Amino acid sequence: MAKETLNDVLITGQPTYAAVEDSIGRLVLNQKVHKRQWWYFFLFGMMGAGLLLVSIFWLLYQGIGIWGNNVPVAWAFDIVNFVWWIGIGHAGTLISAILLLLKQQWRNSINRFAEAMTIFAVMCAGMYPLLHTGRPWVAIYWLFPYPNILGMWPQFRSPLEWDVFAVSTYFTISLVFWFMGLIPDFAVLRDRAKNRTTKVLFAILSLGWRGSNQHWHRYEQANLLLAGLSTPLVLSVHTIVSFDFASSIVPGWNVTVFPPYFVAGAVFAGFAMVLNFLIPVRAYYNLKHLVTMRHIDWMAKIMLATGMIVFYGYILEVFYTWYSGSVFEFKLLMDRFSGPYAWSYWMLIFCNGVVPQLMWVPKFRRNLVLVWIVSAIVGVGMWLERFVIIPVSLTNNYLPSSNKMYYPTFWDFAMFFGTIGFFFFLMFLFIRFLPIINIFEVKDLVHKMLTGTAKTEPSTRPAQQPVGAGE
């Protein structure tokens with residue numbers, strides 16, 4: 001299972017329109033394909049979601065004193081996890097929007113899966129800034145500019161306020177983009193469904209889609225418009241998140257390399273998470289003919305490229321420290337190298353700088369087990385990066401009183417693992433009840449393979465045929 005042949009084609013075998021519809025549609029319409037293992041992962045996610053609910057309830061009841069935050073380390077696990085989850089959500093928009101505008105056909109089999117991960121990751125991230133206030137019902141007017149009798153308004157010059165608008169806009173556009181792509185597939189499932197309740201449900205979700213020329217014309221216009229809106233959001237969201245740190249005077253934060261460094265790190269972590277989920281799902285549901293080794297190879301290459309940018313950022317941080325001549329910056333660097341948190345710094349260098357170099361070797365990129373392990377290590381490394389940037393930097397400031405260790409509590413870990421469980425919960429609901437691969441875009445690739453235009457004539461529109469044809 002670990003090794004497969006790298007093909008130049010994006011679909012293997014002898015695909016037809018009916019075969020594509022059956023391969024993807026059966027995961028939704030035939031629930032028997034979801035065996036006992038699906039329930040194990042779903043129950044794992046449900047328990048994690050329950051842990052998250054308990055953590056939130058206790059947090060609101062007791063206040064943020066249950067966390068390990070202290071006076072110098074006011075931002076700790078909550079902001080570490082916020083930045084980590086936001087980063088994971090970047091791969092979906094990159095695959096969906098930017099690769100669509102660049103007419104990259106290899107995105108067609110993986111964009112739906114990545115878009116779902118984007119939405120669920122942003123949902124996990126959005127909890128932290130709100131709950132970090134301790135009493136959201138008291139402090140919400142500091143985040144959202146709504147009229148109120150207290151006459152209090154957000155500070156619009158603060159990057160923290162920009163975060164609210166950037167993340168909420170990113171979530172809204174990503175959700176609309178995701179649903180737009182699902183409409184033609186809902187129509188296919190509507191026409192193939194045997195159960196009347198299922199047919200009615202998908203008929204409602206398909207919004208009366210008939211596959212007419214007018215429908216395709218409007219769809220393509222909306223798709224390109226949303227892709228154009230999403231593209232700058234990929235750059236702006238994590239750039240604004242980096243401004244939370246780069247605009248401060250804290251040693252280790254006030255560097256101008258943070259915006260591109262954060263954006264590259266977000267794509268790096270996002271592609272790693274996509275590979276972590278996609279490789280097992282591809283094998284378990286026998287989707288190897290639709291998600292080929294060519295897709296895995298390209299994602300591994302992008303992960304390698306963005307990982308090199310991130311590693312270059314680590315080198316620049318050391319250079320800036322030396323070039324600045326600042327005693328405080330140098331003290332922070334030495335503390336990262338050999339201080340009490342040195343383990344986290346050297347682990348992130350190993351995870352994000354050393355391990356991804358394995359992806360230079362084509363043979364390793366074709367070994368699915370190795371790619372999955374590297375992706376998992378990258379996910380851990382990107383979390384450690386945020387840990388080193390935030391709590392470790394805050395424990396070394398300009399005052400001796402700031403040199404205080406940070407120790408996370410049980411509730412810090414409980415909420416973090418709770419969001420991971422919530423993410424699993426949503427992902428496995430998505431796998432069971434929605435098409436995880438874009439049916440009509442894959443059928444478009446089939447059409448191009450049959451006509452010999454697969455590599456020369458990119459398009460988002462499949463061949464003209466009745467929806468559900470080939471049953």
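The values are calculated or read from the model by the stated rules, or taken from the named source; none is laboratory data. Fair warning: this is a prediction, and the values are worked out from it, not measured in the lab. Note that we place each Cβ from the backbone using ideal geometry, even for glycine, and neighbour counts take in every protein chain shown. For the accessible areas, the whole protein counts, side chains as well, though only heavy atoms, and no ligand, DNA or RNA atoms are used. Shrake-Rupley method; radii C 1.70, N 1.55, O 1.52, S 1.80 Å.
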Q. In sequence order, what are the phi-derived ³J(HN,Hα) couplings for region 162-172 according to the Karplus relation 6.51 cos²θ - 1.76 cosθ + 1.60 with θ = phi - 60°, rounded to whole Hz, with x for glycine and proline?
A. 4, 4, 4, 6, 5, 5, 5, 5, 4, 5, 5
**Q.** All lysines inside 19 Å of residue 443 as judged from Cα atoms, apart from same-chain residues fewer than 8 positions distant
**A.** 103, 288, 455
Q: Lys and Arg at +1, Asp and Glu at -1: add these up for the other residues within a Cβ distance under 15 Å of residue 77 and post the number.
A: -2
Q) Taking the Cα centre of the chain as the origin, how large is its charge dipole in debye, to the nearest 20, when only Lys and Arg (+1) and Asp and Glu (-1) carry charge on their Cβ atoms? A) 1340
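Summing +1 for each Lys or Arg and -1 for each Asp or Glu, what net charge is found among the other residues whose Cβ lies under 10 Å from the Cβ of residue 300?
Its environment carries a net charge of +2.
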Q: Please give every one of the aspartates and glutamates within straight-line cross-link reach of residue 32, meaning a C-alpha to C-alpha distance under 16 Å, and leave out same-chain neighbours fewer than 8 residues apart.
A: 22
Q | Answer label, with Cα extents along the principal axes in Å calculated from the coordinates and candidates [x] 65, 48, 45; [y] 77, 51, 39; [z] 73, 58, 42 | A | [z]
Q) With the contact rule set at Cα under 8 Å and sequence spacing of 6 or more, what percent relative contact order holds for the chain? A) 33
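Could you compute the net charge surrounding residue 397? Neighbours are other residues with a C-beta less than 12 Å from the C-beta of residue 397; K and R count +1, D and E count -1. Show your work: numbers first, answer last.
Numbers: positive: 331, 404; negative: 329, 335.
Charge balance near residue 397 sits at 0.
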Q: Using θ = phi - 60° and the Karplus relation 6.51 cos²θ - 1.76 cosθ + 1.60, list the HN-Hα couplings for region 190-206 in order, rounded to whole Hz, with x at every Gly or Pro.
A: 4, 6, 8, 5, 9, 6, 5, 4, 5, 4, 5, 4, 6, 5, 5, 5, 6
Q.
Give the aspartates and glutamates whose C-alpha is closer than 13 Å to that of residue 404, dropping any in the same chain fewer than 8 places away, or say none.
A. 335
Q) Just the accessible area per residue of region 29-456, please: how many Å² with a 1.4 Å probe? A) 42
